Amino acid sequence: MELRYLLYFATVAEQQSFTRAAEKLRTAQSAISQQIKTLEEELEVKLLVRTKRSVKLTAAGHAFLREAKDILNRVEQSKVEARRAAQGDTGTLSIGCFGLAEPRFFPKLLHAYRAQYPAVRIHVCEQSPDEQLDALELGRIDVGVTAALPETKARRLVQERVFSAGVVAVLPDRHPLARLRKISLEKLANDDWVLLRRSSAPELVDALTLLCTKAGFSPRIIAEPANMQTMLITVFSGIGVSLAPTCVASFHQPGVTLIPIQPDPPPLEIVAARPKGEPSPAAAAFLEMLRQQLPAIRSKYAYHHST
């Protein structure tokens, strides 16, 4: 049974005439008559009673007409939904995020995307950088907003730079050095340290630890929180000092002071990562909106070396 059988039948029933149906469909009357005959043979029931002046539905015809109209309506709706999905107007978008960078720009970006594409189902997954990389490779998320990819992963994924973050020392307000405008890390060599758990962000933690090594000491780590928010609270409690990207300022943690370190360390890159290949229409629309907002994001949040 083909869709055109249903369309021909529904049109004849609506027009109550093969001639008018043929005119409306711009199809030969003989073709319509043959297709409906084939449809009746396939259903093994009589759908229409033909007279010289009109066409009337049988009881079976009335029942079948309801179903035929429903099917045709659903087909048209399916076409609309398919076109909308192809344009990114519908579908599903899964985004991985890590509390390191997103508080600064992510909520506004997500709100703007939601306003423009309200029919897209959005799933936001809080994941460490390593968890995001695994999820991207397994196809569980469409986009990950995270630290720059390690070389081993960069070959298998696509990344686009969002902005660069600096590095600051994180001290409790009551720390003797908390009033400094800039600080050399060697001044903190004898302090207890609080660093993010390495399994949460290996590349980031290694980069921060390397800064201490270059300053001539190995940090005495006594606490390793799983996320930045807990790290800030731990520093506030006086348990130790820490290093973090400048992005942590967006947490607005009271009782801690963020001090730029000297000399200026290399910036930390924040990227949007995705699997290689053509992204889904919903993901493509999200990435395009992100690209459009990059000048404003970088102007507001980018890190600049001091002179």
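The values are calculated or read from the model by the stated rules, or taken from the named source; none is laboratory data. Nothing here was measured: the structure is a model prediction, and the numbers come from that model. All Cβ positions, glycine included, derive from the backbone under ideal geometry; neighbour counts span all protein chains shown. Note: areas computed on protein heavy atoms with side chains; ligands, DNA, RNA excluded. Shrake-Rupley method; radii C 1.70, N 1.55, O 1.52, S 1.80 Å.
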Karplus-derived 3J(HN,Hα), 6.51/-1.76/1.60, for each residue of the range 57-74, Hz, glycine and proline x:
7, 7, 4, 5, x, 4, 5, 6, 4, 4, 5, 4, 4, 4, 5, 5, 5, 5
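Any idea what the dipole of the range 154-237 comes to, in debye rounded to 20, about its Cα centre with Lys/Arg Cβ at +1 and Asp/Glu Cβ at -1?
It works out to roughly 200 debye.
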What residues qualify as long-range amide H neighbours of residue 158, i.e. H under 5 Å apart, gap of 5 or more or another chain, H built at 1.01 Å from N?
274, 276
Qualifying GluC sites (Glu not before Pro) in the range 1-100, DSSP loop, other Cβ atoms within 10 Å at most 13
2, 44
Which entry in (i) 104, 36, 33; (ii) 71, 51, 34; (iii) 79, 44, 43 is this structure's computed Cα extents along the principal axes in Å?
(i)
Would you mind checking 108/182; 24/46; 79/276 for any pair whose Cα atoms are more than 26 angstrom apart?
108/182; 79/276
Once phi for every residue in the range 105-112 is put through the Karplus expression 6.51 cos²θ - 1.76 cosθ + 1.60 (θ = phi - 60°), the whole-Hz ³J(HN,Hα) values, with Gly and Pro written as x, are 9, 4, x, 5, 4, 5, 5, 5
Sparse-neighbourhood loop sites, trypsin sites (Lys or Arg not before Pro) in the range 158-260 - DSSP loop, at most 15 other Cβ within 10 angstrom:
174, 179, 181, 182
Placed amide H near residue 93: partners under 5 Å, 5+ positions off or other chain
121, 122, 123
Under a point-charge model restricted to the Cβ atoms of Lys and Arg (+1) and Asp and Glu (-1), what is the dipole moment magnitude of the chain relative to its Cα centre, in debye to the nearest 20?
1180 debye
Using the Cα centre as the reference, give the magnitude of the dipole from point charges on the C-beta atoms of the range 1-132 (Lys, Arg: +1; Asp, Glu: -1; all else neutral), rounded to the nearest 20 debye.
940 debye
With the contact rule set at Cα under 8 Å and sequence spacing of 6 or more, what percent relative contact order holds for the chain?
22 percent
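Using a 1.4 angstrom probe on heavy atoms only, work out the carbon and sulfur share of the accessible area of the range 1-46 in %.
Values: 1240 of 2810 Å².
Answer for the range 1-46: carbon and sulfur cover 44 percent of the accessible area.
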Evaluate the distance, in nm, between pseudo-label points positioned 7 Å from the Cα of residue 34 and of residue 249 along their respective Cα→Cβ axes.
7.7 nm
The FRET efficiency for residue 86 and residue 1, from their Cβ-Cβ distance with R0 = 30 Å and rounded to 0.05, is 0.65
Return the distance in nm (one decimal) between the two label points of a simple spin-label model at residue 296 and residue 49, each offset 7 Å from Cα along Cα→Cβ.
6.8 nm
Give me the 1.4 Å probe accessible area per residue for the range 157-231, excluding ligands and nucleic acids, in Å².
49 Å²
Cleavage-rule hits (trypsin sites (Lys or Arg not before Pro)) in the range 14-95: DSSP loop, at most 13 neighbouring Cβ within 10 angstrom:
26, 46, 52, 53
